[in-house]
1. I'd like to check something: does region 72-90 contain any residue that is part of a loop (DSSP other than H, G, I, E, B) and out of contact with any Phe, Trp or Tyr (no Cβ under 7 Å at 6 or more places or on another chain)?
2. I'd like to verify a number: residues in region 228-253 that are of a type outside the set (A, V, I, L, M) and either closer than 18 Å to Asp300 by Cβ or surrounded by fewer than 24 Cβ atoms within 10 Å (Cβ to Cβ) (or both), how many?
3. If the requirement is being within 24 Å of Ala302 (Cα to Cα) and at pLDDT 90 or above, which of these qualifies: Asn190, Asn152?
4. Examine region 297-307 for a residue that is part of a helix (DSSP H, G or I), of a type outside the set (Asp, Glu) and loosely packed, with under 14 Cβ neighbours inside 10 Å, and state whether such a residue exists.
5. For region 134-153, what are the residues that are in a helix (DSSP H, G or I), among the hydrophobic types (A, V, I, L, M, F, W, C) and touching a Ser or Thr at 6+ places or on another chain (Cβ under 7 Å)?
6. Tell me yes or no: at least one residue of region 140-156 is aromatic (Phe, Trp, Tyr) and surrounded by 23 or more Cβ atoms within 10 Å (Cβ to Cβ).
7. Looking at Leu248 and the list (1) aliphatic (A, V, I, L, M); (2) part of a helix (DSSP H, G or I); (3) touching a residue at least 40 places away in the same chain (Cβ under 8 Å), which single condition is not satisfied?
8. Just one of Phe160, Phe191 is part of a helix (DSSP H, G or I), under 30 Å from Asn84 (Cα atoms) and aromatic (Phe, Trp, Tyr); which is it?
Amino acid sequence: MDLDLNSRESRQTERSFDWYDPKRKRGSLYEDVTIDVVASTKRHLRFGYQVAFPDGRPQYWDATAVKSTSFWEFTDPRELWSRNFYEAGAVADREISSALSVADANALHESFSPAWVEFLRDNLQAIALAEYGLVMPWAHAMRPAEGDGVANCISFQGGFKLRHAQALALYGMHLDEVLGDFPTERGKHNFLENGAWQPTRRYLERLETVHDWVEIIVASNIVFEPLLGVALRRELLMHGASANGDVLTPVYGRTGEAEWDWAKAWATGFVAHLLEDQEHAEHNREVIGGWLSEWMPMADEALEAVGGIFAALPSVPFERVRERVEHDRSVLLAQLGLEALDREAVAR
C-alpha cells in the first residue's frame with residue numbers, strides 16, 4: 001500500500017523518529033530541528049571522517065580542555081532556533097525604527113543635554129566596536145564546538161552581537177543627520193587611542209587568539225558580558241541616557257540587554273552542565289576556575305579604565321555603576337557555585 005506522506009498518521013510517524021532523547025515525552029520543534037542535525041564521529045560515524053589532514057589528523061578534533069559525558073545533552077533553555085532568532089531580530093529592528101520615527105517627528109533630540117551629545121560623539125562608535133569585538137571570537141568557537149545545542153547558541157550569539165554593533169553604527173549615522181558632527185572616525189580613534197578603552201580592547205584582542213571554544217564561552221559570557229557588556233549597555237545606553245534627557249538611546253540598550261538575557265541563560269546553563277557532569281565535574285571545575293582566575297582580573301582592569309568615560313557624566317556616578325555590575329557578577333557566579341572566585345576578585 002502506498003504511504004500518503006501528507007496524512008496525519010504519516011506526519012506523526014515521522015515526528016516520532018528521533019536520534020536523541022527528548023526532554024519530555026515527545027520532542028519539541030526546537031529539538032527536532034536542532035539536535036543531531038549534523039553528523040558527528042562521536043555519535044553517528046563509527047569509523048571517523050574519511051577525509052583527514054596529510055599528517056593523519058582528522059578534520060575535527062577535541063579543541064577544549066574541559067570534558068563532558070555528552071555535550072549533546074545540553075540544550076538551550078530558551079529553545080532558540082532559526083525562526084525565533086530572526087523573529088527576535090525583526091522585533092528589535094521594528095522597535096528601533098519606531099523609536100527613530102517618533103524622535104524625529106517630535107524633535108526629541110533637542111532634549112539631549114550638551115554633555116551627553118559630546119559623550120555620544122566620542123563614545124557611541126567605541127561601544128559599537130566593543131560589541132563588534134565579540135563577533136570573531138564567537139565565529140572561532142563555532143567550528144570546533146561539540147553538541148548541536150551549544151553550537152546553535154554560539155552561532156546565534158555571534159549574530160546578535162553583529163546586529164547590535166551594526167545598529168549602533170547606523171544610529172551614529174542617523175545622529176549625524178539630525179545633530180551633525182558624528183563622524184565614525186571619531187569613535188574609532190577614541191577606541192584605539194583613548195586610555196579608558198585600551199584594557200577593553202586588549203581583552204577583546206586576546207580573546208580573538210583563544211582556540212579553546214569553551215574558554216571563549218567562559219571569557220565572554222561569564223566574565224566580560226556581566227561586567228563590561230552590562231556596564232556599557234545598561235548603565236550607559238540606558239541609565240546614562242535617561243539621566244541626560246535622552247529617551248531614544250535607551251532603545252538600543254534595551255534591545256541589547258534583551259539579547260544578553262538570553263545569552264546569560266544558555267551560557268550559565270551550559271557551564272552548569274559541565275560543572276555537574278557525573279564523570280568530569282571535578283576536572284571541569286579546576287579548568288574553568290583557572291580560566292576565571294586568568295580572565296577576571298583583566299575584566300576588572302577594563303571596567304576600572306572604562307570608569308574614566310563616566311567622568312564626563314556626573315549624573316552617572318561610576319562607583320554606583322561598579323557596585324551594580326559587580327553584584328550581577330556575584331549573583332551569576334553564585335548560581336554556578338563559584339563564590340570563592342568572586343571573593344578573590346573582591347579581595348583584589
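1. Yes, because at least one residue in region 72-90 is part of a loop (DSSP other than H, G, I, E, B) and out of contact with any Phe, Trp or Tyr (no Cβ under 7 Å at 6 or more places or on another chain).
2. Total meeting the criteria: 9.
3. After applying the criteria, what remains is Asn190.
4. no
5. Result: Met142, single match.
6. yes
7. (2)
8. On inspection, the qualifying residue turns out to be Phe160.
The values are calculated or read from the model by the stated rules, or taken from the named source; none is laboratory data. These numbers were taken from a predicted model, which means no experiment stands behind them. Note that each Cβ is placed from the backbone with ideal geometry, even for glycine, and that neighbours are counted across all protein chains shown.
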